[in-house]
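For reference, the structure is listed below as structure tokens.
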Amino acid sequence: MNPPNELTRRKALKGLAASALAGTSMFGFERSAHAQFFAAGSRLNIPPLIDSRASNNDIPITMQSGKHAFFPNKWSDTAGFGQSFLGPAIRLYRNQTTRLGFQNLLNEPTSVHGHGLHVPGWLDGGPQAQIDPGQTWSVELPIVQQASTNWFHPHLHGSTSRQVHSGLAGLYLIEDDNSLNLPIPKTYGLDDIPLIVQDRDFEGGVMVPYSVTEREMMNGKREDTILVNGTVNPFVTVPQGWVRLRLLNGSNARGYEFHLSGKESFYKIATEGGFLDEPVEMTSLRMVPGERNEIMINLSDGKSRQLLSKLVPLDDDVLEELFPRTARVLQIRVDGTKRGQGQLPPRLNSIERLRRQDVHVVRDFRLQMEHRGQAGHGMHSMFAINGKAMHPGRIDERVRKGDVELWRVTRDEMDHPFHLHGASFQIHAQRRRAPRPEDRGWKDTVEVGYGWTELLVRFEHEANDQFPYMYHCHILEHKDDGMMGQFTVSQFN
């Protein structure tokens, strides 16, 4: 529930909005023709797959500027990993080490963060691991975590939002013995399909270059055309049977509430950190920026489906709450001449549960807006955590390796997605309630709303003062402007 004063304010605003249905322009809101229910016209782009075993565990990748046509013969200025927009899906395997060389062919510095990877701080790719133009960042990634869907993107302080917006993002798909032996769909691009969901604005078919107004800085950059793997208005053709979708909310700020046409059921099988213990039947799935989820859809009846999304409104956008916008994300067409081989097993994983009684340290983090302190990049920041805007020369927390900790996260104003580097956590409580069955997996990103969000986490990898881990809001505009902190992990805190 919301606090009483917030309830009163929101009730009054909703009443005012409801009494002025015919005059929404008086509120200063532009109602976009966003529904996108016209016939799907573009085949879904499937990111190229690079298998680390097939590549002898040695993968070179360039970061480059380019020109990309989201609409026919309409060329936009973009960037990507080894291509004009976005990047590949890199398949990694547990208990194997893969060497990656990221060569920066851009005209500016960048970095490459392995979002979701459990690696030491010097391999994490945070803002300290800067890659200057012409340089190559070579890292050997030892994969020790369980099977999961993760991603990589720039993380240079002050420019992450713009560089991700340009197209710099790709996928890490980790496999292990469990994932390889489960009977779930696993033919990449056929019945195991990655979906990087983002939003962009276009003028005359050309992507609008990144810029932010003060309102967009406060709320995060939210735009009016949905892209899936860089495709506008896509369709995908799949075999008849079970299909697995790997969903990534790769937007700068927008949240999505995914559902199928007709409100049909689907099954959630994995969160950011790996498989759930067992599938959870659902009819809608809410995702904030940075989150990943895997779902399975039963298409055995041979009927096509549409994956839709309600666009999650801002906390203070009363019209959006009263009249939520819905966009089609993907049309799923069934090819009845092909039969899928995957099944939905009753058991997926065996998750070790962290316990409150094993907690060594409790830490509190408050996500704050309209803060006016000095930020690390020489500007006055509007955002902070615990009263401090991000400063690269300051370590905010020191953690002892191996400890179980409880991190209690709250917020002052709007809801925020909170992301933690270097480890996965389990939700202990959210909005004063125990986690729902679908949230009882390993995660690294969580929506922080009213009330506290309590996370149980055990840190098993080290990060030093030179290459610390980050914790931050994953609305990228907020992160860039100061809503981020740094912490180390060592044998001695």
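The values are calculated or read from the model by the stated rules, or taken from the named source; none is laboratory data. Keep in mind it's a predicted model, so treat the numbers as computed, not measured. We place every Cβ from the backbone using ideal geometry, glycine too, and count neighbours over all the protein chains shown. Just the protein is used for accessible areas: all its heavy atoms, side chains included, with ligands, DNA and RNA removed. Shrake-Rupley method; radii C 1.70, N 1.55, O 1.52, S 1.80 Å.
Points to keep in mind about this one:
- Options SER138, SER211, SER161; residue that is touching a residue at least 12 places away in the same chain (Cβ under 8 Å), over 16 Å from GLY230 (Cα atoms) and under 22 Å from the mean Cα position of the chain (by Cα): SER161
- Summed over region 355-392, residues that are among the polar types (S, T, N, Q) and at pLDDT below 70 total 2.
- Qualifying residue in region 433-445 (condition: of a type in the set (Ser, Thr, Tyr) and in contact with a Gly (Cβ under 6 Å, 6 or more places away or on another chain)): yes
- One residue stands out among those in region 143-166 that are hydroxyl-bearing (Ser, Thr, Tyr) and touching a strand residue (DSSP E or B) at 6+ places or on another chain (Cβ under 9 Å): the one that is surrounded by the most Cβ atoms within 10 Å (Cβ to Cβ), which is SER148.
- Filtered by the rule that a residue be crowded, with 18+ Cβ neighbours inside 10 Å, touching a residue at least 60 places away in the same chain (Cβ under 8 Å) and among the aromatic types (Phe, Trp, Tyr), region 81-127 gives PHE81, PHE85, TYR93.
- Check on ALA253, part of a strand (DSSP E or B) and among the aliphatic types (A, V, I, L, M): no
- Consider region 482-493 and keep the residues that are among the small types (Gly, Ala, Ser) and assigned to a strand (DSSP E or B). The one that is least open to solvent (accessible area, probe 1.4 Å) is GLY485.
- Looking only at region 321-337, and only at residues there that are surrounded by fewer than 19 Cβ atoms within 10 Å (Cβ to Cβ) and touching a Pro at 6+ places or on another chain (Cβ under 7 Å), the one that is modelled with the highest pLDDT: ASP335
- Verdict on GLY66 being buried (at least 21 other Cβ atoms within 10 Å of the Cβ) and either small (Gly, Ala, Ser) or not in a loop (DSSP other than H, G, I, E, B) (or both): no
- Out of GLY340, GLY302, sole residue that is under 23 Å from PRO183 (Cα atoms), in contact with a strand residue (DSSP E or B) (Cβ under 8 Å, 6 or more places away or on another chain) and modelled with pLDDT under 95: GLY340
- In this entry, PRO194 is excluded by the filter for residues that are modelled with pLDDT of 95 or more, buried (at least 22 other Cβ atoms within 10 Å of the Cβ), out of contact with any Ser or Thr (no Cβ under 8 Å at 6 or more places or on another chain) and more than 30 Å from HIS391 (Cβ to Cβ).
- Looking at THR110, THR97, just one residue is in contact with a strand residue (DSSP E or B) (Cβ under 6 Å, 6 or more places away or on another chain), under 18 Å from GLN64 (Cβ atoms) and of a type in the set (Ser, Thr, Tyr), and that residue is THR110.
- Only one of ASN229, ASN181, ASN219, ASN252 that is more than 19 Å from THR326 (Cβ to Cβ) and free of Cβ contacts under 8 Å to residues at least 40 places away in the same chain: ASN181
- Taken together, VAL144, VAL139, VAL119 contain a single residue that is of a type in the set (A, V, I, L, M, F, W, C), within 16 Å of HIS419 (Cα to Cα) and at pLDDT 95 or above, which is VAL119.
Condition check ((1) surrounded by 24 or more Cβ atoms within 10 Å (Cβ to Cβ); (2) out of contact with any Asp or Glu (no Cβ under 7 Å at 6 or more places or on another chain); (3) of a type outside the set (S, T, N, Q); (4) closer than 25 Å to VAL446 by Cα) across all residues:
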{"residue": "LEU168", "(1), (2), (3), (4)": "yes, yes, yes, yes"}
{"residue": "ASN181", "(1), (2), (3), (4)": "no, yes, no, no"}
{"residue": "ILE184", "(1), (2), (3), (4)": "no, yes, yes, no"}
{"residue": "THR237", "(1), (2), (3), (4)": "no, no, no, no"}
{"residue": "GLY250", "(1), (2), (3), (4)": "yes, yes, yes, yes"}
{"residue": "TYR256", "(1), (2), (3), (4)": "yes, yes, yes, yes"}
{"residue": "TYR267", "(1), (2), (3), (4)": "no, no, yes, yes"}
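- Restricting ALA253, ALA270 to those that are closer than 29 Å to SER84 by Cα and either at pLDDT 95 or above or in contact with a strand residue (DSSP E or B) (Cβ under 6 Å, 6 or more places away or on another chain) (or both) reduces the list to ALA253.
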